[in-house]
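See structure below.
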Protein chains: 2
Amino acid sequence: MLLLIQSVLMDLLEELISAARCEMEADCLLEGAEIVNTLSGELYRADVAVHKGRVVGFDCCSAGVVLDLKGAVLSPGFVDGHVHIESAMVTVPEYARAVVPRGTTTVVIDPHEIANVLGIEGIRYMLDSSRNLPLNVYAMLPSCVPATDMETSGAVLGADALSGLIKDKRVLGLAEMMNYPGVIFRDPEVLKKIKLAEEKLIDGHAPKLTGRDLSAYVSAGIRSDHECSSLEEAEEKLRLGMYIMIREGSAAKNLLDILPLVTPLNAGQFLFVSDDRHPADILQEGHIDFMVRTAVSHGLDPILAIRIASLNAARYFGLRNLGAIAPGYRADIVVLDGLDSLKAVEVIKDGKLVAKECHLTAPLISFPSPKGASMKIKILDAGSFAFKSEHSLARIIGIISGQIITKSLSLPPKVDNSWVVADTQRDILKMAVVERHKATGNIGLGLVQGFGLQAGAMATSVAHDSHNIVTVGVSEEDMLTAVLKVKEMGGGLVVANEGQITSSLALPIAGLLSEKSMLEVADGIRQCTKSAQDLGCDLKDPFMTLSFLSLPVIPELKLTDKGLVDVTKFKFVPLFMENA
Amino acid sequence: MLLLIQSVLMDLLEELISAARCEMEADCLLEGAEIVNTLSGELYRADVAVHKGRVVGFDCCSAGVVLDLKGAVLSPGFVDGHVHIESAMVTVPEYARAVVPRGTTTVVIDPHEIANVLGIEGIRYMLDSSRNLPLNVYAMLPSCVPATDMETSGAVLGADALSGLIKDKRVLGLAEMMNYPGVIFRDPEVLKKIKLAEEKLIDGHAPKLTGRDLSAYVSAGIRSDHECSSLEEAEEKLRLGMYIMIREGSAAKNLLDILPLVTPLNAGQFLFVSDDRHPADILQEGHIDFMVRTAVSHGLDPILAIRIASLNAARYFGLRNLGAIAPGYRADIVVLDGLDSLKAVEVIKDGKLVAKECHLTAPLISFPSPKGASMKIKILDAGSFAFKSEHSLARIIGIISGQIITKSLSLPPKVDNSWVVADTQRDILKMAVVERHKATGNIGLGLVQGFGLQAGAMATSVAHDSHNIVTVGVSEEDMLTAVLKVKEMGGGLVVANEGQITSSLALPIAGLLSEKSMLEVADGIRQCTKSAQDLGCDLKDPFMTLSFLSLPVIPELKLTDKGLVDVTKFKFVPLFMENA
């Protein structure tokens, strides 16, 4: 078998050499365009010969297919250096359908969310379902599953669990090391993970870390960061040798803040990444192509922008055949209408035309979803969300519109016959987090201000990072209706009112991903959002807000299935304030 | 055992983090200098904390040793991306003694010459003797041993022979693929070697290759070239994605020709290499430091020059902890007196001061030389070099002063009683190549014009690429005396006259390397050269000229142990011209 593989590869090598010398017809010729040469830093006219998916030269005699590309500019395919595909709520094939026509031909995924639900099986599913696509998919192994032990996750992935995957050829290292206290205070399990990835790469995630602590973090071998939100932060990290992954996600947007730092002398240290980007943003604005356009419209040299969007990530990740249009490189090429508008009009993957006018033309092979229910919940009834007042003042989560941090408020809740109830006048709603991985029966109960719902309830199984079911509502019956609908669908987004489901979007894969297209998912989210807004919610993106209410690593006050967390103190606190 | 190694490494990791946070005293603080930050492209004041050989930060509280470096500029240690240490005729430790004080802290060697003599054992010797030095030594495996079958070499290294070494951590790939016809015409053994190195790197060596053939060569995965001798050649190779290793050796000097091509936008694709650099040049001019100074004095931005001399090679070879002064990087640092004169005044290797004022201060551990004689010669006498005239005209090698190419001349040799003898009036001398690897008894006989010797003979066992013994002389007796002295010394350089040895330099390691210091070797070469010149030789470097007379891949006419080679036709030709 090994012999057979070697002989096939040998044939490929011979064919490439032979086609480059015009001893045989090349598969394809891209004729008439200008190419962005990310290696020499130039733009010039060149006809690109492609054979067996590789660029073989620029002086082709004859080709099986000739594509007339006069007037166009060819760029190497774009690379997203750090992305959680789960944030797009679609499968990898459907993600490819959306981003490939926009010029992205390679993504380095961090399957952190699905790993929190399904563990190693989730990572394997993402890797397996991403084969044979017109998109190169590499993975970094989630380093922090779970992010904390303050919520119940579907899996706990220690270094030993990850060790079985680290040698996979498509696994490039360890993903965003969010547990920076674990690094700088030398948690043995964290160091073990770092050791595991020593021969590969370790991505960082260290918002606001600075000075000696940052030096310590970098000294541990962590060589990138995508959390820079200011020029000064990026500058310090750049000087310490980190690759700066400039992020333009849906919630976190850093491109315009970081861009002024980029110069021709330091540009090699920058990458473009999307991190978390929602369906509507990908469909409306774009993906890495959007970052290229935005950067150029703000003054960055287009050749540098394209290099940052392609070659730099390839170099950082050691992907030697990606990021340039040159002999031996994979023929992953974006056909741009020009360097002014920088719009992808066609996309060529491994030498084949796979997308045209923003649509994937290549067939997609679908992949079976992971088996087994991911909604394991102990029997619930409306009483599950009922609780009595213990003291006059309660700790209430205060929403800040458009942000994922919250305030910790102290307010007297509305009480009806000693039972705490929602108070629509003061916009204090009931909230619950229902554990769904192990049917522990854990239900975290709390109160939240800022959703604006006047009736009904909403629920979601997308709830960072452990993705239990989080619900907010005016009526406990509607909260139950919504949660049971989430369970019935195997996960998803739900709005309920007066015992009826108003809107829903099923996310049956791990409770995180739809099996539908990104367009359908975007439409589903839009409908659920509208239903919530119809019930009085005045948040722009209520389900995104909801999905971060249970993340106990983001200040100030969060609710998990285990209870209320004061994130500034990293400890559980009672809902009611005893000394009030 | 594995557990133990892991635990030791874990301790290192913990220590680095701890020292970076100033929880413990750092080993060393480099205080008061400016640093060249090759990553951010800046120069600024910074105190560098070093612990356990690594940089850990720039904000140190206390350190065991404080070096006051006020007024100095710190650069990352220089990297020579392609060097045959054999050309310096010293062992690796002695090479380190010479180049480390000049700022070179890493070399990527191609042990091509010693491999031609000793095969795998020679490569292993170079790797083994380069451990525990104040110099990082990595190797590329010689790809073309022997370069041709037109001479007898000491070893034949096919892909199978190399496969045992390719996984060695210090082996970075396959060295200069000189056999470009083998690549583009798809010689199975050549493709097998390329396949072997597929996961690592393959360096190129393709002088003047252009157009489709160059594309074919690059398509095979060959990603660098150090043979560019013109701007146009370098530009074409750069556009095809090759890393351009700018070479400044002793014979081949390309720096000033290629330099105008370098811009901030493409500088990432350039490296500095020495390839073949002789003792006197290293000692008098310098090594990579010389290239940096020369480039800067010709207008290159010093920060770019330093980046090319350090980070670029590290990036090309995937050496993630080299090429920058940043946390986690090895503390291999050159203390320069400033960016104007760019002279190394001190060198720090793995955090320790190892050289000061051009002298190595660190102790060197010597390494035992390879065992076994490398001069296996069948019994010779003066008659071994005698031959009769067969026709009136002979093919005579015509020396071109200062070059390694020769002319093929047709001249009537001087004949005495039907025996061909030297003719000092017309400067036609006798020449022989004596096979010395297998005692085959092969002796190639010929004539050469241009040495100018009026008496005596010279001989050397440094004779590219197979390193048989080559001798040129007026007197056959002196040729014998010289060759026997080479044999007696186990290899080396000899000048003989009237039966006496005038000068000699022993090179007992594989007939290529001395056991002495570079200074002593340079002195030995100078003496041998002077002796040859005293006998009338008017060549500047007669032993270098001599060492290329048997290399049958450089035009036009060469002599090997197998006979006279017409290199333009790649075939053996008779000494005498039948139709004349």
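The values are calculated or read from the model by the stated rules, or taken from the named source; none is laboratory data. Since the model is a prediction, treat every value here as computed from it, not as a measurement. Neighbour counts are summed over all protein chains in view; Cβ atoms, including those assigned to glycine, are modelled from backbone coordinates with ideal geometry.
Odds and ends about this structure:
- Here B:HIS278 fulfils each of the conditions (1) under 20 Å from B:GLY41 (Cβ atoms); (2) away from every other protein chain (no Cβ under 14 Å); (3) out of contact with any strand residue (DSSP E or B) (no Cβ under 8 Å at 6 or more places or on another chain); (4) of a type outside the set (Gly, Ala, Ser) apart from (1).
- Where A:LEU283 falls short, out of the listed (1) under 20 Å from the mean Cα position of the chain (by Cα); (2) crowded, with 23+ Cβ neighbours inside 10 Å; (3) part of a helix (DSSP H, G or I): (2)
- Test: residue in segment A:484-492 that is in a loop (DSSP other than H, G, I, E, B), under 17 Å from A:ALA373 (Cβ atoms), in contact with a Leu (Cβ under 9 Å, 6 or more places away or on another chain) and modelled with pLDDT of 95 or more: yes
- For beta carbons closer than 7 Å, sequence separation of 6+ or different chains, a first residue in segment B:295-313 that is within 13 Å of another protein chain (Cβ to nearest Cβ) and a second that is part of a loop (DSSP other than H, G, I, E, B) and surrounded by fewer than 21 Cβ atoms within 10 Å (Cβ to Cβ), the qualifying pairs are B:PRO302/B:LEU339; B:LEU304/B:PRO264.
- In segment A:137-194, the residues that are of a type outside the set (D, E, K, R), out of contact with any strand residue (DSSP E or B) (no Cβ under 9 Å at 6 or more places or on another chain) and within 14 Å of another protein chain (Cβ to nearest Cβ): A:ALA159, A:SER163, A:ASN179, A:PRO181, A:GLY182, A:ILE184, A:PHE185, A:PRO188, A:LEU191
- Residue pairs meeting the criteria (Cβ under 8 Å; at least 6 apart or on separate chains; first more than 10 Å from chain B (Cβ to nearest Cβ), in segment A:9-31; second crowded, with 22+ Cβ neighbours inside 10 Å and assigned to a helix (DSSP H, G or I)): A:GLU25/A:ALA19; A:ALA26/A:ALA19; A:ASP27/A:ALA19
Yes/no per residue for (1) within 19 Å of A:GLY119 (Cα to Cα); (2) among the polar types (S, T, N, Q); (3) not in a loop (DSSP other than H, G, I, E, B):
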position	(1), (2), (3)
A:THR148	yes, yes, no
A:GLU151	yes, no, no
A:ASP168	yes, no, no
A:VAL190	yes, no, yes
A:LYS193	yes, no, yes
A:GLU198	no, no, no
A:LYS208	no, no, no
A:ASP213	no, no, yes
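- Test for A:ALA463: is it in contact with an Asp or Glu (Cβ under 7 Å, 6 or more places away or on another chain) and either more than 21 Å from A:HIS278 (Cβ to Cβ) or assigned to a loop (DSSP other than H, G, I, E, B) (or both): no
Rundown of residues vs (1) buried (at least 24 other Cβ atoms within 10 Å of the Cβ); (2) at pLDDT 95 or above; (3) out of contact with any helix residue (DSSP H, G or I) (no Cβ under 8 Å at 6 or more places or on another chain), yes/no style:
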site: A:PRO93; (1), (2), (3): no, yes, yes
site: A:ALA96; (1), (2), (3): yes, yes, yes
site: A:VAL107; (1), (2), (3): yes, yes, no
site: A:ASP110; (1), (2), (3): yes, yes, yes
site: A:GLY119; (1), (2), (3): no, yes, no
site: A:ARG124; (1), (2), (3): no, yes, yes
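- Total residues in segment B:223-251 satisfying the condition of being more than 7 Å from chain A (Cβ to nearest Cβ), over 20 Å from the mean Cα position of the chain (by Cα) and hydrophobic (A, V, I, L, M, F, W, C): the figure is 3.
- Set B:GLY154, B:GLY173: member being crowded, with 20+ Cβ neighbours inside 10 Å and at positive phi: B:GLY173
- Residue match in segment A:533-542 (condition: in a loop (DSSP other than H, G, I, E, B) and buried (at least 22 other Cβ atoms within 10 Å of the Cβ)): yes
- Whichever residue in segment B:394-408 is surrounded by 19 or more Cβ atoms within 10 Å (Cβ to Cβ) and among the β-branched types (Val, Ile, Thr) and, among such residues, is farthest from B:ASP427 (Cα to Cα): B:THR406
- Once segment B:556-580 is narrowed to residues that are surrounded by fewer than 17 Cβ atoms within 10 Å (Cβ to Cβ) and in a loop (DSSP other than H, G, I, E, B), the residue that is modelled with the highest pLDDT is B:PRO574.
- Search result, residues across segment B:195-220 that are facing chain A (nearest Cβ under 7 Å), surrounded by 24 or more Cβ atoms within 10 Å (Cβ to Cβ) and touching a residue at least 12 places away in the same chain (Cβ under 8 Å): B:SER215, B:ALA216, B:VAL218, B:ALA220
- Some residue of segment A:68-88 being buried (at least 24 other Cβ atoms within 10 Å of the Cβ), part of a loop (DSSP other than H, G, I, E, B) and of a type in the set (A, V, I, L, M): no
- Yes/no for A:LEU319 being part of a strand (DSSP E or B) and modelled with pLDDT of 95 or more: no
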